[in-house]
Amino acid sequence: MPVLSSLPANVTDNYNDIIGSFGLNDIEMYARDIRLSWKIYLICIATTFILIFFWNLMLRHFAETLAWLSIFIVFVGIVAIGFAVKYFADNNYPEGDKT
């Protein structure tokens, strides 16, 4: 990250417009968090590849069953999200509220 005090005036104005309301400390904190958690990212990527490999292996042997299972799971998930939104709306918005 550049040192803000060492930048020319015209670049400083553009730099302030890019950074906006976040501030330089917040961006450095986000970059540091990503840099320090690289092991977690690698574990997640490896796990994803392993799960995809097993899914494709199962798909090769049980394609029709997995296709119907996927359709059923997506349908149940959509219905569950619908009920969750309805429950949230009933608890957080008064009766007759149009907003």
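Here are a few things to note about the model shown:
- Conditions (1) at pLDDT below 90; (2) under 30 Å from residue 3 (Cβ atoms): number failed by residue 94: (2)
- Enumerated helices (runs of 4 or more DSSP H) restricted to segment 4-67, each holding at least 2 residues that are out of contact with any strand residue (DSSP E or B) (no Cβ under 9 Å at 6 or more places or on another chain), modelled with pLDDT under 80 and exposed (fewer than 10 other Cβ atoms within 10 Å of the Cβ): 9-19
The values are calculated or read from the model by the stated rules, or taken from the named source; none is laboratory data. Note that the structure is a prediction, hence the values are computed from the model and not measured. With ideal geometry, Cβ positions are generated from the backbone for all residues, glycine too; neighbour counts draw on all protein chains shown.
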